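**Student:** One structure is given below, represented as structure tokens, and several questions about it will come after.
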Amino acid sequence: MFPWRYGAVCLILALQAGVSRAADEGKSSERRPPVELTKAPNGAIVNKAIFDNADLTRHSGETTYKLLDGVHIMADTPYVSAFIEGTDGVIVWDTGFGKADGAYYRSEIRKITQKPIKAVIYSSSHAVLGTSTLIAGETGVKIIGRESPRAALTVGGAEDAFAEAEPIRSARNAERIEMLLPRQGQDAAYGFAPAIRDNGFVSVDTPITQDGQEMTVAGMRVQFFTRGSVGDDATLLVWLPDKKLALASVLLPMMPSFYAPDGTGFRDPRRWAEAAAAIRDLAPDYLINQYGIPLTGREKIRRVLNDYIDFCNLVMDQTLRGILHGKGPEDLRDFVQLPPQLLQSPWLFESYGLLQWSPPYIMNRALGWWDGDAASLVKPAPMEVAERLVSALGGRAKVLALARKAGDERQYAWALELVNYVYRIDPQDAAARKLKAELLRRSAQASTSMLARSIMLSQALALEEKIRLPRLIAPEASEIAADPAKFVRMYRVRIDPIKAKDADSVVQFSFTDGRKQSVAMHIRHGVVEYIENPAGYYRPADLIIELSGDAWAKLYRNEATLSDLVKARRVKVTGDAGRADAQLAFFDSFEAERNQLVPSSR
């Protein structure tokens, strides 16, 4: 459970930033005052509203303090851990994003109590990577959590449905979490703080399998609830009835985001509301949250949770209402509006994503991409649209001038729409690149959404040739070697159907290590059928490639050719080795230097 997908790279969610409630300030200027910008300590220029909202919902700096008798908060900005002292030991809730976090939490606990750590509880599949150092030297520690098939930071179902797209999701993730931004200056990272952390994850040995399951831990009654989810199958609500204390990663100090631009799976608003309602209905006097300050007072907690529940229900229901009114996905971006009660809640601030991203995604889940207009069943290609519109608007210079004017009027969304027509026609157009970068930077600075800010600034810097954006991020060689059959199955999407149109070969891979010994691909007229069990296939293999998982990783990542590995005696081919090499040449190659696929070599 919860293996760390990204190897040694631990992404710490420093949720202190974010895009304004309307990224296009000009569009919303009639309803909202102009955006006031300010400078963060590292020089990042950001929307001042980010600071104002953080004062209401977040801790500032690392600190450990007592919430109530026997319960301490360990605020390691931006996330929160907690420990509860029982009669004969300590329970720790969440362990951070690496071994350093676990060691820090352990030191904080030992400043207050020397009682043994009896249990660790995971609230989700995220802050679970500091466990080994936290419990170092302890014996008999229960690791309590949900058994989940998904890895840390893989939220929702898209990853499972289309694992082949993981390289582009990883590349998008690098843009959205500020990995590509400088540490100082106006474009500096402010929102996420990626760091290299050692993985100290320890697997669950005491799984929670039933909603409402109870146990006694460290002399205390503890109840667990599995109903609802924030898009993570490992979501676990913790309830200490004798203390009227709830702990959950459900209430975040930000508007719930049901879609994120890296392509993480669908976060169902209905299930998120269900999880929040489960907490509310316990009537807690205290609520500890994973990223924000704890809440105290039964009525205050009920009020904040009701706002969260209402937001989830409103976004879902109003999206469906818009669909019933005949709205398409683009229309729905502005159709779903929040009433003042929700718009003014500091716990529903747009500091992560944007409200307008969710309705189109919900509609896609409900009906697919078609907006209901027969005219949109057939559309010209984007390049054709760009060429015709630039011509209709008076040519390249006129369109750039219109875009610059819209930007000066802070109509950033419209300005970017215009400049993108010119940029699409010629991505090397120096004037278009310069203007697009300027517009992206100004829009990012006005934004409160950490995701939009990071993506916009990353792409602005790339346009200015100050950084290079990764097109794809290939899986680590160790990940491929650990499960080579999985990557044979995923390899199929890289075939060029035209170049392989005359091919008809069954290529079997027999692994000398790994979990599955033999799988195959039937390359048949430009299409690949993956064969899970070659021995049971109707046709015997034409070619058998015997190799280790490490050797397959070399092939998959195009770090060596089949003939190279045959010469190095790392691969054995039964059949025509030249033909085997030719079959693999039908597949697109991963070019490590530019992090992209290039066409097959034949």
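Bear in mind these aren't lab numbers, they're just calculated from the coordinates by the rules spelled out. Since this is a predicted model, take the numbers as computed values, not measurements. Here Cβ is always computed from backbone atoms with ideal geometry, including for glycine, and neighbour counts include all displayed protein chains.
**Student:** Could you list which residues have their amide H under 5 Å from that of Lys142, counting only those 5 or more apart in sequence or on another chain, with H placed in the peptide plane?
**Tutor:** Ala119, Val120
**Student:** Could I ask something else about it? For a Förster distance of 30 Å, can you work out the FRET efficiency between the beta-carbons of Thr512 and Val598, rounded to the nearest 0.05?
**Tutor:** Given R0 = 30 Å and the Cβ-Cβ separation, E is 0.50.
**Student:** Follow-up question, since we're still on this one. So, by mean Cβ neighbours within 10 angstrom, what's the order for 314-323, 57-66, 296-305 with the highest one leading?
**Tutor:** Peptide ranking by packing, descending: 314-323, 296-305, 57-66.
**Student:** Give me the number: length gained by fully extending Lys66 to Glu464, i.e. 0.36 nm times residue separation minus the C-alpha to C-alpha distance, one decimal in nm.
**Tutor:** Length gained between Lys66 and Glu464: 138.4 nm.
**Student:** Further, regarding this structure: May I ask you to list the residues of segment 418-445 whose amide nitrogen lies under 16 Å from a point 7 Å from Cα along the Cα→beta-carbon direction of Ala397?
**Tutor:** Hits in segment 418-445 for Ala397 at 16 Å: 430-432.
**Student:** For His525, His126, what ranking results if the residue with the fewest other Cβ atoms within 10 Å of its Cβ goes first?
**Tutor:** Listed from fewest to most nearby Cβ atoms, that is His525, His126.
**Student:** Here's another thing I want to ask about it. Using the Karplus equation 6.51 cos²θ - 1.76 cosθ + 1.60 (θ = phi - 60°), what ³J(HN,Hα) coupling, rounded to whole Hz, does each residue of segment 366-374 give in order, writing x for Gly and Pro?
**Tutor:** Working through the residues one at a time gives 7, 10, x, 7, 6, 8, x, 8, 4 Hz.
**Student:** How high is the relative contact order of the chain, in percent, counting Cα pairs under 8 Å that sit 6 or more residues apart?
**Tutor:** It comes to 14 percent, rounded to a whole number.
**Student:** Name the long-range amide H neighbours of Val217: under 5 Å, sequence gap of 5 or more, or other chain; modelled H, no Pro or chain starts.
**Tutor:** Hits under the 5 Å cutoff: Val222.
**Student:** Would you calculate a helix-derived [θ] at 222 nm for the chain, using -39,500 (n - 2.57) for each DSSP H run of n ≥ 4 and dividing by the full residue count, to the nearest 500?
**Tutor:** Value at 222 nm, helices only: -10000 deg cm²/dmol.
**Student:** Give me the lysines in straight-line cross-link reach of Lys466: C-alpha distance below 30 Å, same-chain residues under 8 apart excluded.
**Tutor:** Here the lysines satisfying the reach criterion relative to Lys466 are Lys39, Lys48, Lys398, Lys405, Lys434, Lys436.
**Student:** Suppose the chain between Glu546 and Arg227 were pulled fully straight at 0.36 nm per residue; how much longer would it get relative to their current alpha carbon spacing?
**Tutor:** Result for the pair: 110.2 nm of gain on full extension.
**Student:** Go through segment 85-92 residue by residue and turn each phi into a ³J(HN,Hα) via Karplus (6.51, -1.76, 1.60, θ = phi - 60°); whole Hz please, and just put x for glycine and proline.
**Tutor:** For segment 85-92, the Karplus-derived couplings read 8, x, 5, 10, x, 10, 10, 10 Hz, x marking Gly and Pro.
**Student:** Further, regarding this structure: Tell me the label-point distance for the pair Leu324, Ala161, using the 7 Å Cα-to-Cβ offset, in nm and rounded to one decimal.
**Tutor:** Distance between label points: 2.4 nm.
**Student:** Can you tell me which of 236-248, 534-546 comes out highest on packing, and rank the rest after it, using the mean Cβ neighbours within 10 Å?
**Tutor:** With the highest mean Cβ count within 10 Å placed first, the list reads 236-248, 534-546.
**Student:** Apply 1/(1 + (r/R0)^6) to the Cβ-Cβ distance of Ala431 and Asp88, taking R0 = 60 Å, and write down the FRET efficiency to the nearest 0.05.
**Tutor:** 0.25
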